[in-house]
Structures are given as structure tokens and as C-alpha cells.
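First the structure, in the form of C-alpha cells, and then the observations on it.
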Amino acid sequence: MQKGLAGTALSPSAVHTIIELGYGTVTTASDLGDMLRLEKSSISRLVQKLIEDGLVEAKSNPADRRSRKLALTGDGKALLKTLEDFGRQQMRYASEHLAKDDLTKVETGLTLFAKALRGDESHASRASAVEIRKGYCPGVIASVVGLHASYYATNYGFGAVFERKVATEMSEFMGRLENPANTTFSAFLGDTLLGSVSLDGEDLGEGVCHLRWFIVSPEAQGTGIGNVLLEEVTLFVDAAGFERTRLWTFKGLDAARHLYEKHGFELVRENRGKQWGTEVIEQEFERKRT
């Protein structure tokens, strides 16, 4: 927050002001204060300094005689171009050091982060950018297995046994998707998989559905994608008439547990086990039809 932002001698708030005035986002000191969340006295000093530096000019405002309309001078517009060039140079430099897949992740993360900052919590508006696809999608097996293998190896030390188990069992399950009791919900931003969950209505017996392979990519965690997927889960199992839905996980996945419990799952059993190749405290959760 010190002076010198973007290669200038200006403060961050002054640089922000040049950008917003240049793009026409704001035209008055009052609107600028609301955007920057600064007090009136601070805005007055900021604007006056930019006027004295010859970067901003203030004219009478025909729409409101009590205020003045702010605009960039010729020098202000030249500075805006310098700021834009500086930003583009930074982006080019950063892009040169990132692989294509990493650039896609950056784009995904920025899009989701921007939506989260706007406080966008509605399912409909989220879906305008993130598409929930039901059933098999080309590449979904490899993507889901890859997310599981990478995340659980990095954070919990799971290895080849776990990856083989996910790959083998999910591949077998995908061969049974023609049964309407089985389905998969996957969240995509463009061609990038953000998360997925599957429902197996056959392997636990009549009236019981098995929630399997719930995963959200690290880039999308905390953005509400997991909540959306579990909303789809509960709608599906209730519409299909399942009396109970079960899932197996392990102790320590607190964010996932919070989502499970939010959607009606309760912990019914836990004990030490090694079904995923590494000893953990395995947990069984169950949701009864409401």
C-alpha cells in the first residue's frame, strides 16, 4: 500500500482513481468515495492533489450543480495508458512462466474469486458461469481420478493403492450409468472440471444410495461449488425415492463434513481402517429421506 504502485509515484488510491475516471466508472467525487470507501475529507485531498498535478480536471456538473464532474486531462490519459502498458507487461511476463494448464487454472480461479467477492450466492447466477453436467462427460473419469490422486497424495499421503481403487471402481460404475438409479454430477467452467460427485443406487441394496467420489478442485474450494453439487445430490435421491444415502470418508476432512451435515447427513460410525491404503479413522455418514 506504499507509493510507487505500477511504476508511478502515486499512492494506490490515486492510481485507482486514474483508472476509474479513465474508464468512466465514476465521474464525481461522491461516487469515487463510495467506490474507494474513503471519507469525504480524504477524497477531497486526493482529488485536489491530482488536480494540482495536472492529471484530473473538475468541471461544472449540469446534472447536479452541487457537485463537479471529474475527468482526466491529457496528462491523466497518458498516465492511464502507462498504467495499462505496465499491467499488460506484468501479465505477459507472468504468462511466459506458466504452462497452458496453469493459465487455465488462473483464469478459473480469478473468475470464481470475482464472483465470490460480489457475494453471489444464488444457484442461478452461479450456473451462468459454472455449468453442472449430469451423467458421463468425455474425460470425466480421468479428471476425477486425477483430482483425487493429487489432492489426497499432497495432503494425506495416499498413494497408488488409493488411486487404483478410485480409477477401477469409478470405471466400473460408469459402465452402469444407463440405470436411472445411478448418476454423476460434474461442475465445469468451460472445459475445466471444478468438482464432481456420483450416486450409486445399486451397490448397497434396495432403497439405499451410495454417495461416491465427491471432490472439488483446490482452485474452486470455498467458492460454493461443493454446496451446489450436494444440492443436486439431495434433489436426485429424494426424487428417486431412496430412503437412505450413505457415504464413507475419514476424520479430518472438516470442510467436507460441514457440507455433508448441512445437507442432512449424520455421522453413524467411525473406526480405524486402511481401505484406501493408508490407515485413517474411517467415518460412515448417513442421510435419511425427509
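Considering only the range 232-239, I want to know if a residue exists there that is surrounded by 16 or more Cβ atoms within 10 Å (Cβ to Cβ), at pLDDT below 95 and under 19 Å from the mean Cα position of the chain (by Cα).
yes
For residue 6, which of the numbered conditions (1) farther than 30 Å from residue 110 by Cα; (2) under 33 Å from the mean Cα position of the chain (by Cα); (3) not acidic (Asp, Glu) fails to hold?
Result: residue 6 fails condition (1) only.
Name the single residue, out of those in the range 211-231 being of a type in the set (D, E, K, R) and in a helix (DSSP H, G or I), that is modelled with the highest pLDDT.
That would be 231.
Condition first: of a type in the set (D, E, K, R), modelled with pLDDT under 90 and touching a helix residue (DSSP H, G or I) at 6+ places or on another chain (Cβ under 9 Å). Now tell me which residues in the range 272-290 satisfy that.
274, 289
Can you confirm whether residue 78 is more than 30 Å from residue 217 (Cβ to Cβ) and in contact with a strand residue (DSSP E or B) (Cβ under 8 Å, 6 or more places away or on another chain)?
The answer is no for residue 78.
Go through the residues of the range 273-284 one by one and say whether even a single one is surrounded by 15 or more Cβ atoms within 10 Å (Cβ to Cβ), part of a strand (DSSP E or B) and hydrophobic (A, V, I, L, M, F, W, C).
Scanning the range 273-284, I find at least one residue that is surrounded by 15 or more Cβ atoms within 10 Å (Cβ to Cβ), part of a strand (DSSP E or B) and hydrophobic (A, V, I, L, M, F, W, C), so the answer is yes.
Quickly run through the range 125-164 and pick out the residues that are of a type outside the set (Gly, Ala, Ser) and part of a loop (DSSP other than H, G, I, E, B).
Answer for the range 125-164, where residues must be of a type outside the set (Gly, Ala, Ser) and part of a loop (DSSP other than H, G, I, E, B): 130, 136, 137, 138, 158.
Output the number of residues of the range 85-113 satisfying the condition of being surrounded by 14 or more Cβ atoms within 10 Å (Cβ to Cβ) and of a type in the set (Gly, Ala, Ser).
The number of residues fulfilling the criteria is 1.
Quick test of your reading of the structure: residue 23 fulfils all but one of (1) within 20 Å of residue 85 (Cβ to Cβ); (2) surrounded by 13 or more Cβ atoms within 10 Å (Cβ to Cβ); (3) of a type in the set (Ser, Thr, Tyr). Name the failing condition by number.
It is condition (2) that residue 23 fails.
Could you figure out which of (1) loosely packed, with under 14 Cβ neighbours inside 10 Å; (2) under 18 Å from the mean Cα position of the chain (by Cα); (3) on the phi < 0 side of the Ramachandran plot isn't true of residue 221?
Only one criterion in (1) loosely packed, with under 14 Cβ neighbours inside 10 Å; (2) under 18 Å from the mean Cα position of the chain (by Cα); (3) on the phi < 0 side of the Ramachandran plot is unmet by residue 221, namely (1).
Kindly check whether there is at least one residue in the range 29-41 that is part of a loop (DSSP other than H, G, I, E, B) and of a type in the set (A, V, I, L, M).
There is at least one residue in the range 29-41 that is part of a loop (DSSP other than H, G, I, E, B) and of a type in the set (A, V, I, L, M).
May I ask you to verify whether residue 193 is out of contact with any His (no Cβ under 8 Å at 6 or more places or on another chain) and in contact (Cβ under 8 Å) with a residue 24 or more places away in the chain?
Yes.
Surrounded by 15 or more Cβ atoms within 10 Å (Cβ to Cβ), part of a loop (DSSP other than H, G, I, E, B) and in contact with a helix residue (DSSP H, G or I) (Cβ under 9 Å, 6 or more places away or on another chain): which single residue out of 46, 50, 10 fits that description?
10
Take the residues in the range 253-271 that are modelled with pLDDT of 90 or more and among the small types (Gly, Ala, Ser), then tell me which one is nearest to the chain's Cα centre (by Cα).
That would be 256.
Quick check, is residue 82 among the polar types (S, T, N, Q), surrounded by 15 or more Cβ atoms within 10 Å (Cβ to Cβ), within 25 Å of residue 110 (Cβ to Cβ) and touching a residue at least 60 places away in the same chain (Cβ under 8 Å)?
no
Go through the range 241-272 and give me each residue that's surrounded by 15 or more Cβ atoms within 10 Å (Cβ to Cβ) and part of a helix (DSSP H, G or I).
Of everything in the range 241-272, those that are surrounded by 15 or more Cβ atoms within 10 Å (Cβ to Cβ) and part of a helix (DSSP H, G or I) turn out to be 256, 257, 259, 260.
Mind counting the residues in the range 236-271 that are over 20 Å from residue 201 (Cα atoms) and in contact with a helix residue (DSSP H, G or I) (Cβ under 7 Å, 6 or more places away or on another chain)?
1
The values are calculated or read from the model by the stated rules, or taken from the named source; none is laboratory data. Predicted model only: the values in this text are computed from it and were never measured. Reconstructed Cβ throughout: ideal geometry from the backbone, glycine too, with neighbour counts over all protein chains shown.
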